[in-house]
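The structure under discussion appears below in the form of structure tokens.
The values are calculated or read from the model by the stated rules, or taken from the named source; none is laboratory data. These numbers come from a predicted model, not from an experiment. Please note: Cβ atoms are built from the backbone with ideal geometry, for glycine as well, and neighbour counts cover all protein chains shown. SASA here: full protein model, heavy atoms, side chains in, ligands and nucleic acids out. Shrake-Rupley method; radii C 1.70, N 1.55, O 1.52, S 1.80 Å.
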Amino acid sequence: MGFEVLGAPGGNGVHPGQTVNFTFQNQVQAYALGIWAFTMTYGDGDHYVRAFSLDISPGQLDALAGNVVSAVVSGELRDASGHVLDSGNSTVYPVCIALTQDDDGNTILTTTPAVQDGQSNDVQLPGSSGFTFMESFMSGFDLAYADKDHQVQSAGAGCGLTYQGSTGFISSRASMTDAKGDDADIATVTPSVLATTDPAPGIGVQEVTNQTDIPLTVSFPQMPTVSGAYVVIRAWNVAYDSPHNVLAFAAGSFGPPTISGDTVTLPDLQARVWDDSGHAQDDSSSSVTALVIALP
């Protein structure tokens, strides 16, 4: 068994509507897609929001071909007056985690169907105890009002994983609201599961939560050295101090990490929302929870 992790080729972001191919060194047995970071903007000015979504999904019915995984990045940001996402100025940084070579049955790496806020999906785990790590992360979210658009007070999406015996329960937290009690009618997350009972899985996984625009260090003391590191978002949330229009949403870690020995330094980790009039998120009520995945 072995893990390989890739971002978009060249470390470049992808615009919504584009396809990205992840080419691994070995045959892929299983994979899951994740989000390192995103910036989604109207581009032409701030507006109300009726729908906001992001999805990184398999590029075709047979998205896996040998050592290549194909994925399509799609997204939406729109109001009820014809203003829509500026795809050319919006950027998503996708990640693909792959289980390559032989599958020993001690690991699960899979994406489940979308989960409505407050609900959960069941997933079969590779054991009932002794997990080296048991984590969830997201490959997409969908927040939308059914009737009309609204200003935004807060928005967010995330997933979590608990278990009983060998059954895992992957849950969703997703919302978008104004200050008048108007909550999004559609609020879903598309989650993935990464869990193993292998005592030496060949990667390190650390979860971190923060809201900072300065470097953040994450240590992997179980690994003598780290050769590469990747980030996948498990949850993000933003909140204004009062309702405002939206010019853009952004979340994740922006820029490549630096590595020294067993320590990974992220350039930042933050969730942001802003309008065209100088209003931005309240940092005390905004944050990102992410998994940092280290390769030896």
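When both residues are 6+ apart or on different chains and their Cβ atoms are under 8 Å apart, which pairs have a first residue that lies in region 204-222 and is under 22 Å from Met134 (Cα atoms), and a second that is at pLDDT 95 or above and among the basic types (Lys, Arg)?
Filtered contacts from region 204-222: Glu207/Arg234.
Across region 24-47, what is the number of residues that are over 19 Å from Val232 (Cβ atoms), out of contact with any Leu (no Cβ under 7 Å at 6 or more places or on another chain) and assigned to a strand (DSSP E or B)?
1
The conditions are (1) farther than 21 Å from Arg173 by Cα; (2) of a type in the set (Ser, Thr, Tyr); (3) surrounded by 13 or more Cβ atoms within 10 Å (Cβ to Cβ), and Ser227 fails exactly one of them. Which is it?
All conditions pass for Ser227, except number (3).
Pick from region 264-296 the residues that are of a type in the set (Ser, Thr, Tyr) and outside any loop (DSSP other than H, G, I, E, B): which of them is surrounded by the fewest Cβ atoms within 10 Å (Cβ to Cβ)?
For region 264-296, the residue satisfying everything is Ser284.
Any chance you could count how many residues in region 130-183 are touching a His at 6+ places or on another chain (Cβ under 9 Å), open to solvent by less than 50 Å² (accessible area, probe 1.4 Å) and of a type in the set (S, T, N, Q)?
2
Counting only residues that are small (Gly, Ala, Ser) and assigned to a loop (DSSP other than H, G, I, E, B), which one in region 79-106 is nearest to the chain's Cα centre (by Cα)?
Let us first name the residues in region 79-106 that are small (Gly, Ala, Ser), namely 80-82, 87-88, 90, 98, 105.
Adding the requirement that they be assigned to a loop (DSSP other than H, G, I, E, B) leaves 80-82, 90, 105.
Numbers: Ala80: 27, Ser81: 29, Gly82: 28, Ser90: 16, Gly105: 26 Å.
Result: Ser90.
Kindly provide the set of residues from region 185-201 that are part of a loop (DSSP other than H, G, I, E, B) and open to solvent by 20 Å² or more (accessible area, probe 1.4 Å), ordered by number.
Hits for region 185-201 are Asp185, Thr197, Asp198, Pro199, Ala200.
Just the residues that are more than 18 Å from the chain's Cα centre (by Cα) and either part of a loop (DSSP other than H, G, I, E, B) or within 19 Å of Val14 (Cα to Cα) (or both), please, taken from region 234-263.
Matches in region 234-263: Asn245, Leu247, Gly261, Asp262.
Could you please give the count of residues in region 111-150 that are outside any loop (DSSP other than H, G, I, E, B) and either at pLDDT 95 or above or more than 14 Å from the chain's Cα centre (by Cα) (or both)?
20
Would you be able to tell me the number of residues in region 73-97 that are within 14 Å of Tyr48 (Cβ to Cβ) and among the β-branched types (Val, Ile, Thr)?
Qualifying residue count for the region: 1.
Which residues, counting only those in region 202-217, are touching a Phe, Trp or Tyr at 6+ places or on another chain (Cβ under 7 Å) and either at pLDDT below 95 or open to solvent by less than 40 Å² (accessible area, probe 1.4 Å) (or both)?
Across region 202-217, the qualifying residues are Gly202, Ile203, Gly204, Val205.
Leu99 fails exactly one of the following numbered conditions: (1) open to solvent by 10 Å² or more (accessible area, probe 1.4 Å); (2) closer than 18 Å to Val231 by Cα; (3) at pLDDT below 95. What is the number of that condition?
It is condition (1) that Leu99 fails.
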